[in-house]
Amino acid sequence: MSVAPFDQRDGVIWYDGKLVPWTDATLHVLSHGLHYASAVFEGERAYGGEIFKSTEHSERLRTSAEILDFEIPYSVAEIDAAKRLVLEKNGQKDAYVRPIAWRGSEMMGVSAQHNKIHLAIATWEWPSYFDPAQRLKGIRLDMAEYRRPDPATIPCKAKAAGLYMICTISKHKAERKGYSDALMLDWRGHVAECTGANVFFIRDGVIHTPTPDCFLDGITRRTVIDLARRRGFEVQERTILPAELEGFNECFITGTAAEVTPVAEIGPYTFQPGNMTKVLMEDYMAEVQPKAKAA
Ligand SMILES: Cc1ncc(COP(=O)(O)O)c(C=O)c1O
């Protein structure tokens, strides 16, 4: 895999309706999206040439923009087609797909009523190295200092660039201490999610996950809940207090990038990734594979 910086790679990027050479997909420094974080994006994965839940991601992208008070000038079907096109032109099968929409340069103050809305879609090679034995060792999480904010203070249902400010700070701090990621509480002090993934716990055969009332209800999260229920596992979406961490046997995180990743430690608490986590990891990897087309 190339280690070139992301602005110096080969391939094409879909930019405002056209495919452009990768290094030409630039924007001006006086872009509203850069100064005021008026940008929304998606993170998606293609497996075997097909983007998993592409339409759900395109819908969420448009909804995120609407929450930020702008409309992406492309329909869900057009965004889906553009993602397929750029993936195909880049000749990729197992890839990460990154659409991003932002406000342009017409106005450069808080108000941006007349700014053009741009949309770009990039894809890059990102195989999913699925080695269950390796993964079952589990990752280590720090406790983040920042908390997911009160929904009365931010548009918490949007996958908006600005909401990642506290995630990057928290993740950096965790990484500097040797952890892979950080678990964030919410503004009330309840367990919320990681910096780019949702979190699940298992105790006595029952799966527990925080109710997504102030953070992203991930597409992977919903997929894994469906898979668990199909297996007959009980899933409780509820308020989880940090004091409960001590009593859980298993823990895993979910997200497009993380897929289903077991957790071995959160701060002082340890977990033993077990059979239920393993079953869900395997079910998820089976679920994301391209479905055979009906004859
Ligand atoms: C903060 C945050 N929470 C949760 C998720 C999981 O969302 P999804 O499963 O839709 O990728 C992500 C990833 O996009 C994220 O960035």
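Just so you know, all these numbers are worked out from the coordinates, no wet-lab data involved. Only a predicted model underlies this, so the values are computations on that prediction, with no experimental measurement involved. Here the Cβ is made from the backbone with ideal geometry for all residues, glycine too, and neighbour counts use every protein chain on show.
Computed over neighbours whose Cβ is under 10 Å from that of Ile166, the net charge equals +2, Lys and Arg +1, Asp and Glu -1. When the helices of the chain are scored as -39500 (n - 2.57) per DSSP H run of n ≥ 4 and the total is divided over every residue, the value at 222 nm lands at -7500 deg cm²/dmol. Counting only residues at least eight positions apart within a chain, or on another chain, the lysines with an alpha carbon under 21 Å from that of Lys137 are Lys171, Lys177, Lys278. With all pairs of separate Cα atoms included, the chain yields a Kirkwood hydrodynamic radius of 20.2 Å. Rounded to the nearest 20 debye, the dipole size of region 12-125 about its Cα centre is 160 debye, using +1 on the Cβ of Lys and Arg and -1 on the Cβ of Asp and Glu. If Lys and Arg each add +1 and Asp and Glu each add -1, what is the summed charge of the other residues whose beta carbon sits under 15 Å from the beta carbon of Phe6? Computed value for this residue: -2. In loop segments of region 51-123 as defined by DSSP, the GluC sites (Glu not before Pro) with at most 15 further C-beta atoms inside 10 Å of their C-beta are Glu71, Glu106. Volume per residue for region 132-287 equals 102 cubic angstrom (convex hull of Cα atoms). A simple charge model with +1 on the Cβ of Lys and Arg, -1 on the Cβ of Asp and Glu and nothing else charged puts the dipole of region 132-287 at about 280 debye relative to its Cα centre. Given R₀ = 41 Å, what would the calculated FRET efficiency be for Thr239 paired with Thr23, taking r from the Cβ atoms and rounding to 0.05? With R0 = 41 Å, the Cβ-Cβ based efficiency is 0.30.
Measuring nothing but how far apart in sequence close Cα pairs (under 8 Å, 6+ apart) lie, relative to its length, the chain scores a relative contact order of 17 percent.
How charged is the neighbourhood of Tyr47? Take every other residue with its Cβ under 9 Å from the Cβ of Tyr47, and add Lys/Arg as +1 and Asp/Glu as -1. Cβ neighbours under 9 Å give a net charge of 0.
Sorted from greatest to least, the principal axis extents spanned by the alpha carbons of region 12-125 come out as 44, 28, 18 Å. Could you tell me how far the Cα centroid of region 179-247 sits from the Cα centroid of region 131-178, in Å? What the calculation gives is 13 Å, centre to centre. Placing +1 on each Lys and Arg Cβ and -1 on each Asp and Glu Cβ, with no other charges, gives the chain a dipole about its Cα centre of roughly 200 debye.
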